[in-house]
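Chemist: Before anything else, here's the structure in question.
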Amino acid sequence: MSTQPPSEAALKANQLAAQHGIDLSKLPKIVDMSADSITDNVHAINSNCTDERTKFIFKSLIDHLHAFVRETSITSSLQVGNPIPDTNRENVRSLKPEFILLSDALGVSTLVDTINNAKPPGATEATVLGPFYTEDAHDVLIGDSIASEGKGDYMFVEGRVLDTEGNPIAGAIIDTWETDSNGLYDTQYSNREKPDCRGRLTSAKDGSYSFRAVVPVPYPIPSDGTVGNLLSRLGRHVFRPAHLHMMIEAPGFEKLTTALYFEGDPYLTSDAVFGVRTSLIVNPELVTDVAKTKARGFAEGKPHVYLKQDFILATPEEGAAARKAVAQPIHLQDMPEWNWEIEHADRRREARADAALHGATPFQVDRRVLKDVVRENKGIDVGRIEFLSAGTFHKAYLITLSDHFQLVAGVARRYMPRLKTESEVATMHYLRENTTIPVPTVYHYDSNPYNRLGGEYILMSKAPGVSLATIFHSLCYNDLVKLLENLAAMILPLFAHRFTDIGSLYFGPDPYGPLSSSAPTPRAVQHPYSAFPFSPTLSMSHLVTANLNTAKPLSRKFHVGPIISWPFFGTNRGELTHPTELNRGPWPSSSAYFASCAQREIDSVIRENEGKSAPHRLHLDPDQIQSSRHHRMKAVPGDESDESDEWDLAESEEEWEGPGDAMYRDYRRMQRTTFLVAHLSEREVQVRSEMARWMNMMDRLVKATLDDAPETFGLDCHDLSLENIFVDPEDPSKITCIIDWESTTTRPLWQCAHLPAFVQTSPFIGRLFREAIIKVGKAAESSASTPTRRGKDIDIGALAREWLFYESAGQRLRMAHRFVEWDGWEEGLIDNILGPEENEDDWFKDIEGMVMRTGLNSPPAPGNPPNVLGSSVSRKTKLPFAKEKEKEQMLNTTGDYCGGRGGELGRRLEAWLTINGIDEGHSIAQSWERDHELLKHQQVLVE
């Protein structure tokens, strides 16, 4: 509706229509748009044509065109235009917008949408998307505004997102967009700087949503071309009624694309593109109450329009049943077919994702070849290829076959030829065969980076369930605790797996191990893990290019080989030969691994000095980088290059988008002095000195913390992020799959026992996870052992104690190890990680008290571990630099500590309310004070 009186709005509409020679009062009134009525509605609108011959021709055209759509069950109105000969590309390209507009004006777009987006009874109907949807809408919180000030009359929209049974849908993503008071979308302004009158928000736990907007107004479709002339000849206007677009997505439900139309709009019953549905007409009210206006966030004293509307989503099963009822029985209505319009739109989305990875090497995947590869291996045509993500190591695509079966294709970048794919596939098979961790099934893979696709690839099953990232911040406390307990129950048995070396997993026996009598004679001219030419040892595996789902389910041999880790492959280090130019392991001890890390950085500086490799990209912030000594050097007597003020010149944003003039100054100074002999020598001396200092620190920490315990290695799950964990949408505490196992390595136990990645930013959730470890261990105390997938019994209680010890004792080791987790040494890095050398002894103060979180002064002895799961033992002293307790109390450090339900404060408050509740007759504050006094006298195990 408009804030204008209806008579004024109708008068304005009649005046606009009259400019095109149209009398709105003489147009037929149509509203009901369905697959059955759309053809009659188009005929009714066209009946206003005064030329009988034109009316007859278009009646016959509409009948045949709509019958063609129904008979062929096309999924896009553009498919009608595919047979047009592409003899003149420029002419065809110029005709495409007019063709889409013609499809809209003749009711074809609405008919196609009605057939392909049919909804079950009770669900919100879909309508046409329109040409003004964009993916750059800004995220807004519930109750915030999607429009900037001055864009139109105020409007407040709220409601709920529900399923067909009336249950609320939490975490639904709601995209909304509209015109401003000028009848224009933001994309129609040539000076558009950012999204406006559009936004994206998420429904709350109870399915509710709300946002501030402006009242949309009617607007004309383009009328300066062939279609505009046609509508004028048919006696039709070119206006669309005012409407508010909504696109809603939620896990486990079909995406809904719809719009809300306003009662009383003069164009409501004669929409130029037939997009109105009776069920989508709303009747908002005008609110003049100042208190309500202020409460909803609008300027004081100004009225606003209030609109309340619930949206009902259908499940895929419900939607499929509805489409089947609408579709012609002789056609396979829901069979996916290759659609170039969708394909090109998805490629543009992939290009935008590539552009967001600043500094990354361009990485293009030929989708035509990928389509052929999938078809050859699965024996069925591909209906759709959808870009999922682009990461440091690979790109991922969702492949939908013509029978609706879906799988995921991961195509690797050429950072680490062959080794990455071989190790990732072997790791997933190891986990599938030896643990209960749910991982994707590998159907096929090719580890040759020079295959016809142009990159190593893996075809694997689609992860069931939904990504934890989509629902994590809306999890209730009880579901969060159950989720962490289920994750702990998976991690602890894996912690029992022991390996003899540091590295990554591969198929087959150790190529350096003792040979059996049946083993082939090794070749002396080639290293087993060299990438160029490819490894004969790895190619002996019958699984290199096999369909893995058809392989016999026999126990395979695995061994630890070269490590797949970014510091050993980043900044073009993947091109270095192993082990002569860069030793990637495996290493039998931590000290050998430390030595290789140190030598790696020393050799890297030497290669940079010799001009054999480019300097790596800086990672430290400008204020953390030490002003290098070479910045104050003189190349020759009288050299004044260091005093240049070039860096201080004013630059436009287009010329410089970097972190600031300090970085620019340092960069230019480095370039001017790169080849100074004095500087090169000093860099080498400095890196050797800092690496020696770090190795000494690590050796001392290992000895002081672990007390010369026998060294063994485990499998480090380093990337348990929200995006990589999938859960059941019906029961979000149930983990259905864990993906992305690339760069999974075997590490010392102090490196394996750590909080999952998604837990590390929240001290409170970190405490809950440790409690989950304790609970799982205590539950196992009543049973003697827990069987693994291979039938071996393990003592979960002992593993819990061991994990708690290494998680606590290894904290300083993990912090110090960060010094070599970069892809290049930087001046200032060691002081940033380890601190000044004169304060190095602080790392060893109270070293015994640091590990007392578990009540152990040394690693648990196998067979007789102390019982710390059933008692409360607090840590004797706190780390001088971690201060986890202070972080939890202050709640003002970086991160989402106080932001909403998913924030730190919200999590703690919900946990307290869930566990304690509120006693009758006591306020929340009184109950809180009572429990706080009780907690003062308790020792908390995981503080």
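The values are calculated or read from the model by the stated rules, or taken from the named source; none is laboratory data. In this text the structure is predicted, and so the values were computed from the model without any measurement. Here Cβ is always computed from backbone atoms with ideal geometry, including for glycine, and neighbour counts include all displayed protein chains. Just the protein is used for accessible areas: all its heavy atoms, side chains included, with ligands, DNA and RNA removed. Shrake-Rupley method; radii C 1.70, N 1.55, O 1.52, S 1.80 Å.
Chemist: Among GLY585, SER604, PHE558, whose Cα sits farthest toward the positive end of the charge dipole of the stretch 554-614 (+1 at Cβ of Lys/Arg, -1 at Cβ of Asp/Glu, about the Cα centre)?
Modeler: PHE558
Chemist: Heavy atoms only, probe 1.4 Å: what % of the accessible area of the stretch 101-202 goes to carbon and sulfur, would you let me know?
Modeler: Solvent-exposed carbon and sulfur of the stretch 101-202 make up 48 percent of the total.
Chemist: Would you mind putting 100-113, 571-584, 796-809 in packing order, based on average other-beta-carbon counts within 10 Å, highest first?
Modeler: 796-809, 100-113, 571-584
Chemist: HN-Hα J couplings of the stretch 138-154 from phi, Karplus 6.51/-1.76/1.60, θ = phi - 60°, integer Hz, Gly and Pro as x?
Modeler: Each residue of the stretch 138-154 in turn: 7, 6, 10, 7, 4, x, 7, 9, 9, 10, 6, 5, x, 8, x, 5, 5 Hz.
Chemist: On a full-extension model of 0.36 nm per residue, what is the gain between ASP40 and ASN572, subtracting their alpha-carbon distance, rounded to one decimal in nm?
Modeler: 185.0 nm
Chemist: Write down the accessible area per residue of the stretch 212-296 in Å², having rolled a 1.4 Å probe over the full set of protein chains.
Modeler: Spelled out: the 1.4 Å probe surface of the stretch 212-296, per residue, equals 35 Å².
Chemist: Return the whole-Å distance between the Cα centroid of the stretch 160-230 and the Cα centroid of the stretch 246-309.
Modeler: Comparing the Cα centres of the stretch 160-230 and the stretch 246-309, I get a distance of 10 Å.
Chemist: Cα centroid distance between the stretch 692-749 and the stretch 57-77, in Å?
Modeler: Centre-to-centre distance over Cα atoms comes out at 60 Å.
Chemist: Across the stretch 483-489, in residue order, what do the Karplus-derived ³J(HN,Hα) couplings come to in whole Hz, using 6.51 cos²θ - 1.76 cosθ + 1.60 with θ = phi - 60° and x for Gly and Pro?
Modeler: Computed from phi, the couplings for the stretch 483-489 are 4, 5, 5, 5, 5, 4, 5 Hz.
Chemist: Roughly how many Å² of SER223 are accessible to a 1.4 Å probe, to the nearest 10?
Modeler: 50 Å²
Chemist: What list of ³J(HN,Hα) values in whole Hz, one per residue of the stretch 751-762 in order, does the Karplus curve 6.51 cos²θ - 1.76 cosθ + 1.60 (θ = phi - 60°) give from phi, with Gly and Pro shown as x?
Modeler: Once rounded to whole Hz, the list reads 8, 7, 8, 8, 5, x, 4, 6, 9, 5, 7, 10.
Chemist: Name the long-range amide H neighbours of VAL214: under 5 Å, sequence gap of 5 or more, or other chain; modelled H, no Pro or chain starts.
Modeler: MET155
Chemist: Same structure, new question: Going down the list LYS205/LYS294; LYS151/LYS294; LYS420/LYS557; LYS205/LYS775; LYS378/LYS462; LYS205/LYS308, which pairs span over 22 Å between their C-alpha atoms?
Modeler: With Cα atoms farther than 22 Å apart: LYS205/LYS294; LYS205/LYS775.
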